[in-house]
Amino acid sequence: MSLAQYYRKYVFCLEGDWQKDLRDNSSVRAALNFLEQNCKINYIYKQCGTRENLEYYLSLWQQKKYKDYSICYFAFHGQPESIQVGKEFVTLDELADILQDSCHDKIIHFGSCKTLNTEEKNIRRFLQHTGALGVCGFETEINFVESSAFDMILIEMFQQYKDIAMLDKNIRKNYRGTVKRLQFKLVYQ
């Protein structure tokens, strides 16, 4: 059974560049600010433009002092089984190697297009290799605003449950249309 240790789950967010135009300020940070100001959900936010940035911040996140930041939120462009970091793609298997069994009592959310558009066995391998309670994200191309709003709902709902199966049941019941449209997928131990 997938039970979180605590109800309160803070967010550790890594975000890639959404646009090539440096004047474009698109970011999930506004959603994180909203959650912090209105729901008291603390967060750590870092931008990643290279694989080295990604690996560096993930290694820091594994330190004990960040144990309360138990939701890892990857906000990047994506394609099936991977996220785009700078000009390269990092696969789920590569992320699992970076995280190496360090995600016990943690949830990993991919706020990216198509990253979970893969067979469930591949996602279960990722879960097993990382030790995470659960992994979630989207199987299709998503609208930035709609998916960001859904991400806020999801992160807030994670605060209400220790049992991921109950959260899954609730979100599918109350947000059925959005779950279907975004092809949201949640896989857990």
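No value in this document is a laboratory result; all are computed from the given coordinates. Predicted, not measured: the structure shown is a model, and the values here were computed from it. Cβ coordinates were reconstructed from backbone atoms using ideal geometry, including for glycine residues, and neighbour counts include every protein chain displayed.
Tell me, which longest segment in the chain has none of the trypsin sites (Lys or Arg not before Pro) that fall in DSSP loops with at most 11 further Cβ atoms within 10 Å? Walk me through the intermediate numbers first.
Values: sites that count: LYS20, ARG23, LYS40, LYS87.
That gives 88-189 as the longest site-free run.
Round to a whole angstrom and tell me the spacing of the C-alpha centers of the stretch 175-189 and the stretch 61-118.
18 Å
Can you flag which of LYS65/LYS121; LYS87/LYS121; LYS46/LYS106; LYS87/LYS180 are past 23 Å Cα-Cα? Walk me through the numbers on the way to the answer.
On the way: LYS65/LYS121 32 Å; LYS87/LYS121 27 Å; LYS46/LYS106 18 Å; LYS87/LYS180 30 Å.
From LYS65/LYS121; LYS87/LYS121; LYS46/LYS106; LYS87/LYS180, over 23 Å: LYS65/LYS121; LYS87/LYS121; LYS87/LYS180.
Calculate the spin-label point distance for GLN37 paired with ASN143, positioning each point 7 Å from the Cα along the beta-carbon direction, and give it in nanometres.
Between ASN143 and GLN37, the simple spin-label model gives 2.4 nm.
The stretch 95-175: which GluC sites (Glu not before Pro) are DSSP loop and have at most 14 other beta-carbon atoms within 10 angstrom? Write out the running numbers ahead of the final one.
Numbers: sites: GLU119, GLU120, GLU139, GLU141, GLU146, GLU156; in loops: GLU119, GLU139, GLU141.
Sites meeting the loop and neighbour criteria: GLU119, GLU141.
Before rounding to the nearest 500, sum -39500 (n - 2.57) across all DSSP H runs of length at least 4 in the chain and divide by the residue total; then give [θ] at 222 nm in deg cm²/dmol. Write out the running numbers ahead of the final one.
On the way: 7 runs with 74 residues, N = 189.
That calculation yields -11500 deg cm²/dmol at 222 nm.
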